[in-house]
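Asks: A single structure is presented below for examination.
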Amino acid sequence: MKNIFYILIMIVSLTGMSLAMAGEKKQTLPAVAKPFKAPEFALKDENDITYRLSDFRGKVVLINFWATWCPPCRIEMPSIERLWQKVKGKGVVILAINVGESADTVFKFTGQLQLSFPIPMDTKGEVIKKYPAAGLPTTYIVSPAGMVTHRAVGSREWDDPVLMKQLMAMRIPNRNGK
Amino acid sequence: MMLSSVHVKIIVFLLAGFVSGYAGNIYAIDQKTGIDEQAQLPFWEVSTGGMSLRLIQRLPIQSRGYFLARGFNATQAERIARSCIFQTVFKNTSQGGQPGKASTLEYNLNDWRVIYKGKKRKMKTRQDWASEWRAEKVSKPAQIAFEWSLYPTSQQYKPGDYNWGMSVFNLEPGSRFDLEITWMQYGRKNTAIIKNMECAPDINPQPTEAL
């Protein structure tokens, strides 16, 4: 009887502790209150390649607004690169839109971190206002149907298994249902 | 299987502790000050079970260099640098997925008040500065950098969301003031007053002609 009593106490305590610890490290990708049509844009990267959002219809698009002088943007960049290495060619596209900086500045930064995902440049800061983000970094997820469905304000560990699973689940299932 | 009254009391006590620990005290406001580990400068912090706000001093010399490098002229960079700037980190720390604990957070800097020598006034926001820069015909890249460097005037944070940015209190270096902050969370308006904040002193003044 006594043993059952003390085991019950231990289970209650350990469950509480583990829930608290899990909560602290959780990465979140909240849904927007009301999905909206993703504003179209056509932006060039430092190599003059144009990226049009509508070209990626049918894929999940992660649009990350960032700048080199923004500390949380710098923090999350390596995790975006790791995510890119895992999702490239699997129905998820990353467009990391630099806000208001020159091609030279972006080139130096991306060279340091060896970033390989597309980095279109919103040099006049006009596209970010259409979404509309209020701070950097802000990341939007555009569904295969072209709707903004999720938004993350502030940096994330983008290759976290929970976030990756969430992104992959948003893809259009192929003929095999996978 | 019979439990004695002592056992029942212990179980009730532990379950109550578990539930309150799990839910956290979402309303109690904690305040602390200290030296920020990264910046090595003083900070003032307010936190509850659902949010944390840390304001870290920025030295005028840091801001001077930062804005000169982004296209402002020396006079403009000086004006910004001596406007009492704090690096600001505001987070929604409420936990998604925990019933009764996750909550959206909203704020608007226009509702916050700087209390200086007994008088209250609003903060100088992105929009206030933007009209000045437009009037002075500051270059577009400099205006964009300034706008996005400043803390957003209003935001809505879901659990896990946060921003960094500069807040401007428009006081002389070394001034002391209180800051009244408000935010909406858990369906109610929350208020706190951060006492005795201090604008960073200008520890590297510009040389004068007399020198």
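Asks: Specify the inter-centroid distance of the stretch B:24-84 and the stretch A:139-176, based on alpha-carbon positions, in whole Å.
Replies: 33 Å
Asks: Can you tell me the Rg and the Dmax, both Å, for the Cα atoms in the stretch A:28-169?
Replies: 13.7, 38
Asks: If the reach is capped at under 24 angstrom between alpha carbons, list the lysines near B:K122, excluding any in the same chain fewer than eight residues apart.
Replies: B:K32, B:K91, B:K189, B:K195
Asks: Using the Karplus curve 6.51 cos²θ - 1.76 cosθ + 1.60 with θ = phi - 60°, what ³J(HN,Hα) values do you get for each residue of the stretch A:157-170, in whole Hz, with x for Gly and Pro?
Replies: Result, ordered by residue: 8, 5, 8, 4, x, 5, 5, 4, 4, 4, 5, 5, 5, 7 Hz.
Asks: Is there a pair in A:K44/B:K137; A:K108/B:K158; A:K108/A:K130 whose C-alpha atoms are over 30 Å apart, and which pairs would that be? Present the calculation step by step, with values, prior to reporting the outcome.
Replies: Details: A:K44/B:K137 27 Å; A:K108/B:K158 33 Å; A:K108/A:K130 28 Å.
Cα-Cα > 30 Å for A:K108/B:K158; rest within.
Asks: Report ³J(HN,Hα) in whole Hz for each residue of the stretch B:168-180, in order, from the Karplus equation J = 6.51 cos²θ - 1.76 cosθ + 1.60 where θ = phi - 60°; Gly and Pro get x.
Replies: 10, 9, 6, 10, 5, x, x, 5, 10, 7, 10, 10, 9
Asks: Label-point separation (nm) for A:K130 and B:Q40, each offset 7 Å from Cα along Cα-to-Cβ?
Replies: 4.5 nm
Asks: Other chains' Cβ within 10 Å of A:132-139 residues: what's the mean? It would help to have the intermediate numbers written out before the result.
Replies: Working: counts 0, 3, 10, 13, 6, 2, 4, 0.
Mean inter-chain Cβ contacts per residue within 10 Å come to 5.
Asks: Can you give the mean number of other chain Cβ atoms that lie within 10 Å of the Cβ atoms in peptide A:151-164? Walk me through the intermediate numbers first.
Replies: Values: counts 3, 4, 11, 10, 2, 2, 0, 0, 0, 0, 0, 0, 0, 0.
Counting Cβ atoms of other protein chains within 10 Å of each residue's Cβ and averaging gives 2.
Asks: Let me ask something else. Quick check for you: which residues of the stretch B:45-88 have the amide N under 17 Å from the point 7 Å beyond the Cα of B:K117 toward its beta carbon?
Replies: What the label zone holds, given the 17 Å backbone N cut-off, is B:83-84.
Asks: Report the net charge of residues surrounding B:F90, where surrounding means a beta-carbon distance below 12 angstrom and charges are Lys +1, Arg +1, Asp -1, Glu -1.
Replies: Cβ neighbours under 12 Å give a net charge of -1.
Asks: Cβ neighbours within 10 Å, averaged per peptide: list A:111-118, B:72-79, A:157-164, A:134-141 in order, most packed at the top.
Replies: A:134-141, A:157-164, B:72-79, A:111-118
Asks: Give me the Debye-computed log₁₀ of I(q)/I(0) at q = 0.13 Å⁻¹ for the stretch B:24-198, equal point scatterers on Cα only, no solvent, two decimals.
Replies: -0.67
Asks: Further question: Within 10 Å of each Cβ in B:159-172, how many Cβ atoms from other chains are there, averaged over the peptide? Kindly include the intermediate steps, with their values, before the conclusion.
Replies: Details: counts 4, 9, 9, 6, 9, 10, 5, 0, 0, 0, 0, 0, 0, 0.
The shielding value for this peptide is 4.
All of the numbers you see were taken from the coordinates with simple rules; none came from a lab. Model, not experiment: these values are computed from the prediction. Please note: Cβ atoms are built from the backbone with ideal geometry, for glycine as well, and neighbour counts cover all protein chains shown.
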